[in-house]
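In what follows, a structure is listed as structure tokens, so that the remarks can point back to it.
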Amino acid sequence: MQNILELKNIGYAYHTLQGETKALENISFHVKEGEFVAIVGPSGCGKSTLLSIIAGLLEPEEGTILVNNPDGSLHYPRVGYMLQRDHLLEWRSIYKNVILGLEINHMMTEERLSYVNQLLFDYDLDKFRDKRPSELSGGMKQRAALIRTLALDPQLLLLDEPFSALDYQTRLMVSADICHLIRNTGKTMIIITHDLSEAISLADRIIILSSRPSIVKKEMEIHLTLQDNSPLAARNAPEFSGYFNQLWEELTSE
Amino acid sequence: MNKHSGELTMQEYFITTHKRQRRLITSYRFLIMLFFLIFWEVSADLGIIDSFFFSSPSRVVLQFIKLCADGQLFRHISITLWETIISFLLVFIISLALSTLLWYSTKLSDVLEPYLVILNSLPKSALAPLFIVWLGTGMTTIIVAGISVALFGSIISFYTGFKQCDPEKITLIYTLGGKKGAVFCKVVLPGSLPTLLSTSKVNIGLALVGVIIGEFLAARQGLGYLIIYGSQVFQLNLVITSVIILCLIAFGFYKAIQGIEYRLKKKMGS
């Protein structure tokens, strides 16, 4: 598999009048096409900063981001970013919300719109297309937010603790659900999470960051033997607790 | 099911109680008005207050009929209404344009902030004599006076409304590939609609204040002129009738904007 993304010695610091706060230092890793990568680390370690840099919202102060597109071009891959909350706009219907990205980019083509309609249909949101966001459950809102992201056909999906606003039970269901949907599209995903068990159950590889200024402490490949496709399957896999302990030790040791 | 007094369910009971409360409040409101009018009329008739200075409801009604009969009143009211609506609309357009500009350029808003604060706290009635000298006595002066009272507060309120937009919603637009223009059109402006409307409710009242001040000083028509004229010729019936009409106009304006607000909220679903 080709690398879709390569980060080389990325560094970033925040500047205030009081001084400089180093957030990231010498971050290097790569992500293969179709791979699911989870990034974990202590809170405030600059995970979101890293994601913003990958998304192109922030310029790194040091280092480079290399990209290998399938067609061999050096364009930045189309990146879709899912934020911590769904941020569906209450003054728009669900349908108007999911085509927001297309509207902004003037991409309201027949092909794109029919893709969106297909997604609405596939994700059981078709009946709710004219409803307001507040009329939907937390899980349905996350699905709508996912469609909004997928509508622009990104190659790489970035998820910044996308389930943290949900209660625990919903979170288990929705995170498994959303990741299952993304896997079916064959896209690459980078997810930030606080939740170690979530990271193990969703990702192919986990990147562990140290506390601020962040460096890559360790990378861990995850291979689970799954019995079925239920949200709890990964957590019931025999290898799960071993990974969990290893991850816990990495995070707590200085 | 849980029954109350044998007939009504708890839900029906709740609704009946709620409706009764609403009716009670409406009737109290009318009672206050009624008592006030009766008290006013009786004290004037019994000579407790001098009806020459304080008028009385019956005199106001007679004055109103007289003014209606010679057709003047309609002209005065429509002129004041017209001036107020023009001032209000101009305030809305100018402050929307300027606050958008301030939102776009943080540098500009930083530079202009102290000026806005000073202009907003300045008592605008102090400017009215200047407007007369600069613009003469006429409708332009009065509309400018109306604008001057509402404008600066309105710019500040609009701008503050824009600034209060959820920063994560702004990030959302950027993650979808939007630029600053898209941020404004898709998130900031629609999100600030409640602020724009509530500010407008205040603005229409302020525009009316400005127009009346203007008419006091520089008009030959309008309700402000009628009030000043009435006080100069000691026709206090005329003054009080005009004031009561102004009350009704202010209330009507407020209700009109509230109606627009309600309709938009229903449409926007929030």
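Couple of notes before you dig in:
- Residue match in segment A:19-29 (condition: surrounded by fewer than 22 Cβ atoms within 10 Å (Cβ to Cβ), at negative phi and within 14 Å of chain B (Cβ to nearest Cβ)): no
- Residue in segment B:155-200 that is modelled with the lowest pLDDT, counting only those that are surrounded by fewer than 17 Cβ atoms within 10 Å (Cβ to Cβ) and among the basic types (Lys, Arg): B:Lys179
- Tally, over segment B:219-231, of residues that are of a type in the set (A, V, I, L, M) and open to solvent by 10 Å² or more (accessible area, probe 1.4 Å): 3
- A single entry from A:Tyr168, A:Tyr243 fulfils the requirement of being open to solvent by 50 Å² or more (accessible area, probe 1.4 Å) and hydroxyl-bearing (Ser, Thr, Tyr): A:Tyr168.
- Only one entry in B:Ile118, B:Ile79 is away from chain A (no Cβ under 14 Å) and surrounded by fewer than 17 Cβ atoms within 10 Å (Cβ to Cβ), namely B:Ile118.
- Of all residues in segment A:206-226, those satisfying the criterion of being open to solvent by 50 Å² or more (accessible area, probe 1.4 Å), out of contact with any Gly (no Cβ under 9 Å at 6 or more places or on another chain) and assigned to a strand (DSSP E or B) are A:Lys218, A:Glu219, A:Glu221.
- Contacts under 6 angstrom Cβ, first residue in segment B:251-269 being in a helix (DSSP H, G or I), partner open to solvent by 40 Å² or more (accessible area, probe 1.4 Å), 6 or more apart: B:Met268/A:Trp91
Yes/no per residue for (1) more than 14 Å from chain B (Cβ to nearest Cβ); (2) more than 21 Å from A:Ala55 (Cβ to Cβ); (3) assigned to a loop (DSSP other than H, G, I, E, B):
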| site | (1), (2), (3) |
| --- | --- |
| A:Trp91 | no, yes, yes |
| A:Asn97 | no, no, no |
| A:Gly101 | no, no, no |
| A:His106 | no, no, yes |
| A:Asn117 | yes, yes, no |
| A:Leu120 | yes, yes, no |
| A:Asp130 | no, yes, yes |
| A:Met140 | yes, yes, no |
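- All told, B:Val183 falls short of being in a helix (DSSP H, G or I) and away from chain A (no Cβ under 14 Å).
- Matching residues in segment B:157-168 - criterion: being closer than 28 Å to B:Asn120 by Cβ and in a helix (DSSP H, G or I): B:Ser157, B:Phe158, B:Tyr159, B:Thr160, B:Gly161, B:Phe162, B:Lys163, B:Pro167
- Condition check for B:Val133: closer than 18 Å to B:Val91 by Cβ and more than 14 Å from chain A (Cβ to nearest Cβ): no
- Only one entry of B:Ile213, B:Ile118 meets the criterion of being touching a residue at least 12 places away in the same chain (Cβ under 8 Å) and in a helix (DSSP H, G or I), and that entry is B:Ile213.
- Options B:Gly178, B:Gly161; residue that is within 14 Å of chain A (Cβ to nearest Cβ) and more than 24 Å from B:Ala218 (Cα to Cα): B:Gly178
The values are calculated or read from the model by the stated rules, or taken from the named source; none is laboratory data. As the structure is a computational prediction, the values presented were derived from the model and not from experiment. Note: ideal-geometry Cβ built from the backbone for every residue, glycine included; neighbour counts use all protein chains shown. Ligands, DNA and RNA are excluded from the accessible area calculation, which covers all protein heavy atoms including side chains. Shrake-Rupley method; radii C 1.70, N 1.55, O 1.52, S 1.80 Å.
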